[in-house]
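Enquirer: Can you keep this structure in mind? I'll have questions shortly.
What follows draws every value from the coordinates through simple rules; no lab data is involved. Everything numeric here is computed off the predicted structure, so don't read it as measured data. Heads up, the Cβs are rebuilt from the backbone with ideal geometry, glycines too, and the neighbour counts pull from every protein chain shown.
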Amino acid sequence: MKNKRKYLLLMAALGVFFIIGCPLPMPDTTNPTVISTVPLSSATGVSVSGSITATFSEAMDPATITTATFTLKQGAVAVAGTVSYGGNTATFNPSTSLSSLVVYTATVTTGAKDLAGNALAANKVWSFTTADIAAPTVSSTVPANGATAVAVNAIVTATFSEAMAPATIGTATFTLKQGVTAVTGTVSYVGVIATFEPSVALSFSTVYTATITTGVEDVAGNALAANKVWTFTTGVAPDTTAPTVTSTVPANLATGVAINANVTATFSEAMAPLTITGTSFTLMQGATAVPGSVAYAGTTATFNPTINLAYSTVYTATVTTVVEDLAGNALAVNKVWSFTTGVAPDITPPTVTLTVPINTATGVGIASSVTATFSEAMDPLTITTATFTLKQGVATVTGTVTYAGTTATFNPGSSLANSLVYTATITTGAKDIAGNALVANKVWTFTTAAATLPPVNLGTAGNYVILSKAGISTVPFSAITGDIGVSPILTTAITGFSLVADGSNVFSTSPQVIGSVYAADMAAPTPANLGTAVLDMGTAYTDAAGRPTPDFSELSTGNIGGLTLVPGLYKWTSAVAITTDVTLAGGATDVWIFQISGALTEAAAVSVNLIGGAQAKNVFWQVAGAVTLGANSHFEGVILGGAGITLGNQVTLIGRLYSETAVALDMATVAEPAP
């Protein structure tokens, strides 16, 4: 009793009031816990758009339930979201949908407290895996897309990015066609690889198209996003054609043949060297065999007599059906020819009796060949690019050398340059049939003609870097240096430029154009100026298209990728493709005019480059069809387009764009050429 009284007095002294007989409530010192989560720990197949919740064992202090105490991570990367609290449940709402098939980790930290201020005893951490909603892909194919020389007994396979539902992979979803004709076959699926096995061998030299449709699904039921289509070409048919002897030296019935001459036979194709021997290639004088050795190089077999032949004697050479080509095809019949040796030894050195061009000639065409005519028949094996050369200064001109009759011809690999001096040389390495060499090198020079192709007159169209009859559009942000205009259409045909009209409405401006923007509905004198410019554009197109007598016709059948082009007039009656970098080499006044009856297409990341001082203002591309410049490509010159002109993403162009229809830009850079 005494102790109770002391306790009461102590409570009163501390300002604690209570009703006698009622015990004081005990303080809350129990730590809260997380009693359930959604999703559960280690759950799989969780929706990517759901919320994450944690339910506590008691009411919590809402101020402690925040994005600092309730987090969601994918690995070490935090997921952005918001946190709310209601009842005894905290909810994390991700700002965006979660990723497919990814493990996420949720955490409620000890910063979360109940209403009495008691914190969680330890962080609550749980993980879950989201559902598979990603579409499968075809990661590789055999044969690869665009493959060539594919075996006709090949099978076609497609490897997927994940395991697929086998029931969805069959002849309805995996097909092979030649044109529109379906190839029969069977389809199987193992691991992640689907296989189409044709019922019969494919055809030689034929393009086939394989397709896997969106009917195929992964094990989660996700279909391909789009059909997978690829093509390949089978190999050529095996060689079953018998070889022939296309030429012989000496020729059949030749006379005056040197007694120390070799005898050669040139075949229509490469031969099996082991079949060309002293047994299959022989030389006879009557019934007597001539001793000698046989060699083979390129497509030519050579019989080299061990001793000199006799004068004024008939010899017979024979190549038998023992010789075979690389495919094992033999000559159909023996090749037999005869010749007669000369009456006396030839000890007279040959000379060059005529050259074309003649020495010091001027005005020589840049596409000319160079020829030298000898005083007698020469040994063809001594007339080569080593003994017959052409130089411009110290620079060697590349080319090929041929020999026929008594004339050697040097054919340059490309046209010569205008207004330059060239030096041709035939060295003493050139010998006649008897082995007599030139006494001294034959050297002569000539000068090529000056460039005479005049540029195309653009008239007042030259005041514009882009001029169109149907519209100019841009995917911002393009960068254009120079004025642009449309006529006879209105300002509404100029799209994507955020135009701002000037006070007089004579022109507009755009943050994408360093210059002015004009249209036919603007104030005078703009409509009249544009009308004249459009007429001049048409005149320039007609001029370029009508230039006669091209220097080059159908060059490379329209695929000019990788070429270096000299100044001149070029003409194609079909489309032109630029698949790899093209170089235009010439001087500051040289002119190029390209007449293209079809479309002009430049591949992505390919460049048209000018070197040697050549200028974009002197390059004219007259194109009847559509012009398409691939993404990240570079182009130079004035395009006179009869149809639409499209510049892909990030294209750069130095020149002008003139179109009878529309011009479309995609974040392109267009700059007018230097004057």
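Enquirer: Please list, in chain and number order, the residues 5+ apart from residue 364 or on another chain whose amide H is under 5 Å from its amide H, with Hs placed from the backbone.
Expert: So residue 364 has HN proximity to 447, 448, 449.
Enquirer: Hey, another quick one. What ³J(HN,Hα) values, in whole Hz, does the Karplus curve 6.51 cos²θ - 1.76 cosθ + 1.60 give for the range 484-491 when θ = phi - 60°, with x put for Gly and Pro?
Expert: 10, x, 10, 6, x, 7, 9, 4
Enquirer: With the contact rule set at Cα under 8 Å and sequence spacing of 6 or more, what percent relative contact order holds for the range 34-130? Don't skip to the end; give the middle numbers.
Expert: On the way: 210 pairs, mean separation 33.4, N = 97.
Relative contact order here is 34 percent.
Enquirer: Go through 26-36, 360-370 and give me the packing order, highest mean Cβ count within 10 Å leading.
Expert: Those peptides, ordered most packed to least, come out 360-370, 26-36.
Enquirer: Determine the sum of side-chain charges near residue 220: Lys and Arg each +1, Asp and Glu each -1, restricted to other residues whose C-beta is under 11 angstrom from that of residue 220.
Expert: -4
Enquirer: While we're here: Percent antiparallel among DSSP beta bridges with both residues in the chain, to the nearest 5?
Expert: The answer is about 60 percent antiparallel.
Enquirer: For the chain, take the longest principal axis of its alpha carbons; what is the angle in degrees between that and the long axis of helix 526-546, to the nearest 10 within 0 to 90?
Expert: Computed tilt is about 40 degrees.
Enquirer: OK, next. If you line up the long axis of helix 2-13 against the longest principal axis of the chain, both from Cα atoms, how many degrees apart are they, to the nearest 10?
Expert: Approximately 60 degrees, to the nearest 10.
Enquirer: Explain nothing, just the number: relative contact order of the chain, from Cα pairs under 8 Å at least 6 residues apart, as a whole percent.
Expert: Rounded, it is 6 percent for the chain.
Enquirer: Check residue 397: other-chain or 5+ apart residues with amide H under 5 Å from its amide H, H built from backbone geometry?
Expert: 390, 391, 392
Enquirer: Where does the charge balance sit around residue 658 when Lys and Arg score +1, Asp and Glu -1, over other residues with C-beta under 11 Å from its C-beta?
Expert: 0
Enquirer: For the range 242-253, take each phi angle, set θ = phi - 60°, evaluate the Karplus expression 6.51 cos²θ - 1.76 cosθ + 1.60, and give the result in whole Hz per residue in order, putting x for glycine and proline.
Expert: 5, x, 9, 8, 8, 7, 9, 10, x, 5, 4, 6
Enquirer: For the range 121-232, calculate the relative contact order in percent as a whole number, restricting contacts to Cα pairs under 8 Å that are 6 or more residues apart. Mind showing how you got there, number by number?
Expert: Values: 215 pairs, mean separation 35.3, N = 112.
Averaging sequence separation for qualifying contacts and normalising by length gives 32 percent for the range 121-232.
Enquirer: Here's something else I'd like to know. Over the range 453-675, what lengths in whole Å, largest first, do the semi-axes of the equivalent ellipsoid take, defined as the square roots of 5 times the eigenvalues of the alpha-carbon gyration tensor? Don't jump to the answer; show the numbers that get you there.
Expert: On the way: eigenvalues 165, 66, 44 Å².
They are 29, 18, 15 Å, listed largest first.
Enquirer: Also, I was wondering about something else. Here are labelled values, [x] 1.00; [y] 0.93; [z] 1.64, and one is the computed Cα Rg over 2.2 N^0.38 Å for what I pasted. Which one?
Expert: [z]
Enquirer: Which one, 495, 518, 360, projects farthest toward the positive side of the charge dipole computed for the chain from Cβ point charges (K/R +1, D/E -1)?
Expert: Ranked along the dipole, the leading option is 495.
Enquirer: What is the sum of charges, Lys and Arg at +1 and Asp and Glu at -1, for the other residues whose Cβ falls under 14 Å from the Cβ of residue 431?
Expert: Around residue 431, the surrounding residues sum to -3.
Enquirer: Using 22 Å as the Cα-Cα cut-off, could you pick out the over-long pairs in 391/617; 335/431; 177/228; 469/571?
Expert: Exceeds cut-off: 391/617; 335/431; 469/571.
Enquirer: Same structure again: 5 Å is the cut-off here: which amide hydrogens, built 1.01 Å from N in the peptide plane, fall below it relative to residue 607, excluding neighbours closer than 5 in sequence?
Expert: Distant-sequence amide H within range of residue 607: 581, 582, 634.
Enquirer: Residue by residue through the range 649-661, what is 3J(HN,Hα) from phi via Karplus (6.51 cos²θ - 1.76 cosθ + 1.60, θ = phi - 60°)? Round to whole Hz and write x for glycine and proline.
Expert: Working through the residues one at a time gives 4, 6, 5, 10, 9, 10, x, 9, 10, 10, 10, 6, 10 Hz.
Enquirer: Going by average Cβ neighbours within 10 Å, how do the peptides 550-563, 271-284 rank, with the highest at the top?
Expert: Highest to lowest by the protection proxy: 271-284, 550-563.
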